[in-house]
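Structure record follows, encoded as structure tokens.
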Amino acid sequence: MLKKRFNDGHAFNDSNFYIVSGGPGAGKMTLLIELQKLSYAHAPEVARQIIQEQVSAGGDAVPWGDRHAYTQMMLQRSIEIYLQYTPAAQTTFSDRGIPDTLCYARLIGLTDSESIESACRQYRYAPIVFLAPEWREIYETDSERKQDFGEAIRTFALMSEVYRELGYETIEIPKLTPPERARFVLERLGRH
């Protein structure tokens, strides 16, 4: 059970907790490692953790198994990560965010997404979201990332749509070297 954080029912907006998201295999983790080298903390991605745990335990809550259970676990873990890292006293990055769960639910055609939409309204991040576009030259599949490149393209497009629909300003991260990408993000935030 998640701890109740905000009793007044109003959304909380953490202006120091920035999402880095986008399609699979677009270099998000590499960017976050670069930002970490510059002393910026980041919250981990929950999707890969869930897949690793489920595969290890022989569970079925994975994208190629029980997608509904996987989505519910993603939502719960994303909220837990949010609560763990907020309020952020200084600029902190999140490897994906709660709205990514909404994007995934729409991608797989899940019709009952009210609890996800409600969480997206209640738990707000900084108003700027950095999105890494699909990038064929660096895209690779692995034991947790089984999507083909076409799905990476669709995911990025839907991700952009979901974040804008939720009132976030999206900034596309250019296809540059990891240090240049980190510099781009920090410059957009006025932290150089």
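The values are calculated or read from the model by the stated rules, or taken from the named source; none is laboratory data. All figures in this text were calculated on a predicted structure; none of them were measured in a lab. Note: ideal-geometry Cβ built from the backbone for every residue, glycine included; neighbour counts use all protein chains shown.
When region 115-127 is filtered for residues that are outside any helix (DSSP H, G or I) and crowded, with 16+ Cβ neighbours inside 10 Å, the ones remaining, listed by number, are TYR123, ARG124, TYR125, ALA126.
Being part of a helix (DSSP H, G or I) and touching a residue at least 40 places away in the same chain (Cβ under 8 Å) is the filter; apply it to region 177-192 and report the residue that is surrounded by the most Cβ atoms within 10 Å (Cβ to Cβ). So, considering only residues that are part of a helix (DSSP H, G or I) and touching a residue at least 40 places away in the same chain (Cβ under 8 Å), the one surrounded by the most Cβ atoms within 10 Å (Cβ to Cβ) is VAL185. Entry remark, region 153-176: residues being surrounded by 22 or more Cβ atoms within 10 Å (Cβ to Cβ) and farther than 11 Å from SER21 by Cβ number 0 in total. Is there a residue being over 29 Å from GLN36 (Cβ atoms), out of contact with any Lys or Arg (no Cβ under 6 Å at 6 or more places or on another chain) and among the basic types (Lys, Arg) anywhere in region 110-121? Among the residues of region 110-121, at least one is over 29 Å from GLN36 (Cβ atoms), out of contact with any Lys or Arg (no Cβ under 6 Å at 6 or more places or on another chain) and among the basic types (Lys, Arg), which makes the answer yes. Just wondering, is there one or more residues in region 70-89 that are over 25 Å from GLU34 (Cα atoms) and more than 17 Å from the chain's Cα centre (by Cα)? No, region 70-89 has no match at all. Here PHE156 clears all of (1) touching a helix residue (DSSP H, G or I) at 6+ places or on another chain (Cβ under 6 Å); (2) closer than 30 Å to ASP60 by Cβ; (3) at pLDDT below 95; (4) not aliphatic (A, V, I, L, M) except the condition numbered (1).
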